[in-house]
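Heads up, the thing below is written out as structure tokens.
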Amino acid sequence: MIYGYIRVSTDKQTVENQRFEINNFCKNENINIDIWIEETISGTKKVGERKLGKLLKTLDNNDILICSELSRLGRSMFMIMSILNLCMDKGVKVWTIKDNYRLGDDLTSKVLAFAFGLSAEIERDLISRRTKEALAKKKTDGIKLGRPIGSKSKNLKLSGKEKYIQNQLKNKVSKVHLAKKLKVSRSTLFNFIKENNLDTFT
């Protein structure tokens, strides 16, 4: 399948110029677009929030994605490289017209794939390092890290039991006895009841 992808950032911009460029290119290459994907959205938006994200999930080996230029895929170089890397992993060819770019199964593409992978690894390493530095600073500043005490127990043991607890309270079952039945501390049960307004009948 051959896909034509068109993106503009605002309603004031027209898709016709990009469509003309792609159609003219296809005419010279003696190929036809099977499916057009058009969207009006900023290139800074996450790929998953765009039609492009849905398209990338459906693309198969040997499919071709054509757009007027690489900047239509995204605004940041890292985003573009991530998209191209995904396409390469799936065996999808990406052709752009203005950049005269061809991503396929050749030596140049393999070199680019290595660069994409290295770039992604460096980015992940930088994110991990920044996260560790931020956590270390918080610890130095005396800020306690992790969940507040008791929050895990409430979420795991009482979540989804609101109706049961409310019925028990309605039937005059004491909170102390109910806490024992649910195998949680009294304070955990009391806080859960208060936070979820379950003591209407008490």
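Would you please list the contacts, defined by Cβ atoms under 7 Å and residues six or more apart or on different chains, that run from a residue in the range 7-31 that is assigned by TED's automatic domain parsing to the domain that holds Arg102 to a residue that is among the acidic types (Asp, Glu) and outside any helix (DSSP H, G or I)?
Every condition considered, the pairs that remain are Arg7/Glu39; Val15/Glu38.
Go through (1) modelled with pLDDT under 70; (2) of a type in the set (Val, Ile, Thr); (3) assigned to a helix (DSSP H, G or I) for Val176 and report which single condition fails.
(1)
The values are calculated or read from the model by the stated rules, or taken from the named source; none is laboratory data. Just so you know, these numbers come straight off a predicted model, no measurement behind them. So basically every Cβ, Gly included, is an ideal-geometry build from the backbone, and we count neighbours across all protein chains shown.
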